1. In the neighborhood of residue 281, defined by Cβ-to-Cβ distances under 15 Å, what is the net charge if each Lys or Arg adds +1 and each Asp or Glu adds -1?
2. Quick one: 158, 246, fewest Cβ neighbours within 10 Å first, how do they rank?
3. How many angstrom lie between the C-alpha centres of the stretch 58-121 and the stretch 159-238?
4. List the residues, sorted by chain then number, that are 5 or more residues from residue 93 or on another chain and whose placed amide H is less than 5 Å from its amide H.
5. Working out 0.36 nm times the residue gap between residue 215 and residue 73, then minus their Cα-Cα distance, what length gain in nm do you get to one decimal?
6. Given a Förster distance of 25 angstrom, what is the FRET efficiency for residue 368 paired with residue 240, based on the Cβ-Cβ distance and rounded to 0.05?
7. Which far-off residues, 5 or more places away or on another chain, put their amide H under 5 Å from the one on residue 260, with H placed in the peptide plane?
8. For the chain, just the Cα set please: Rg and Dmax, both in angstrom.
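No lab work stands behind these numbers, since they all come straight from the coordinates. Bear in mind the structure is a predicted one, so any value in this text is a computation, not a measurement. Neighbour counts are summed over all protein chains in view; Cβ atoms, including those assigned to glycine, are modelled from backbone coordinates with ideal geometry.
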Amino acid sequence: MKISALAPWGALALGMSLLVSGCQPGSYASPPGAPVAAENRPPLADIAWLEAPRDWVGSSSAILGDVSIDPIEDNPLPVLPTTVTSDELTGELDVTISAADRVLALDMSGSLAATVWALGLGDRLVGRDISTTFPGVEDLPVVTGSGHAMSPESVLAMRPDLLITDGTIGPLDVVLQLRDAGITVVFVREQPGLDAPAAMARSVAAIFGLPDTGEALASRITGELEGVLATIADHAPSARADKLRMVFLYIRGANGIYYLFGQESGAGDLIEGLGGIDIATEIGWTGLRPMTDEALIAANPDLILVMSDGLESVGGPEELVRLKPAIGLTSAGQNLRFVDMDDSQVLSFGPRTPAVLDALARAIYDPAG
C-alpha cells in the first residue's frame, strides 16, 4: 500500500521548523474576553455571530483548550507484518513493519501522534515531540528540542521498534542514523489542508495493518469537519463583498522574520473553510514567502491570522503595528483585527482539525464571546 504521493510541501515544512526555533517571547497577553474553555461553550451555531464581521475592531484569540482525543477503537491489535511505501524526502521506499510495540510518531505539529492516539494505539507511544500536548501524553518523555530537532540518544533510549515521521522533525541525517541503528522508519506526508486529517488516518492505520480502523477514523473526522463547515457556511457572510479578506502571517519579531503563508501551506483551506477570502490564493502566492510592505499593503486584508507565540514575540497587536507600519496601513492593522492561535494547533491538520476550525470561527465571528 502506498502511504502518500510525493508532496511539494516538504521544503515549506522544513523551513517552518527552522523558523519556529527562532521564537523569542515578548510580553503580550491574550486580550480580555478571550474564548472560554471548550467544555463551557455553547454549540457553534448558538454563538453571537457578528452581523458585520468586517466592522469589528480589536484582536481575539482562538482557544482550543485541552480537548481530549477519543480513540475510534479501544486498543486494536495490529496485524503485522505490513509493507507500505514510505514517502521519503529523497524518493519512495517500500518498508516492512514487523513490530509496533514501542512507537514514536514525531512531526512539527503533533498530528502523527494524535492520529496514532485516535486510532486507539496510544498505549504503544513511548515518547513524544514538543508539539504533542493533548491529554493523556503528559508523562511521555519529550525527544525533541525547541527547534524541532530530535536527539538520537534520546530516541534510542526509548528503544522504539517503529518511528513514524514526516520530515519536519530532523535533521534527516539523524533519522537515517536511527534507521541504521535498526529502527523501522516510515515517512507519512500528506498535502496540508482539510483533506489531510482523513488521509493521514488511513495512512497511519495502514502501517499497523488496520485499514478498517483507519477508515472508521477518517469517516468520523470527515463527518465532524463537514458539520463545522456547514455551520460556518450557514452563519458567515455569503456575499463576497461582505466576506473577510484574510492572510496568514508568520511572525518572529525578535529576529525580524515576517512570512506570508501561500498556497500549499494549508492556510488557504483553513481561511476558505472559515468563510473568508484567502488573498494568497487570489493573487497566486505559493509556499512560505517573505512579507514585503508593498505586497501586504496591496493585499489589504481585513483580518490577519497569526500564531500566538509569534504575536507574543512582538509584544502584541499594537506593538506589531508600531514595528511594521505597513501593517497599520491595512484594514486589519487599522482595526487591530488579528486572530491568534497556538502555534502547534492552528495548522496541525490532524484529528482535532474540526475543533481548530470551531475555535477559530468563534474568535473571528464572536470575538467578545
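1. -1
2. Going from sparsest to densest Cβ surroundings: 158, 246.
3. The stretch 58-121 and the stretch 159-238 have Cα centres separated by 6 Å.
4. Hits under the 5 Å cutoff: 86, 88.
5. Once the chain is fully extended between residue 215 and residue 73, it gains 50.0 nm.
6. 0.45
7. 250, 289, 291
8. Spelled out, the Cα radius of gyration and Dmax of the chain are 20.3, 59 Å.
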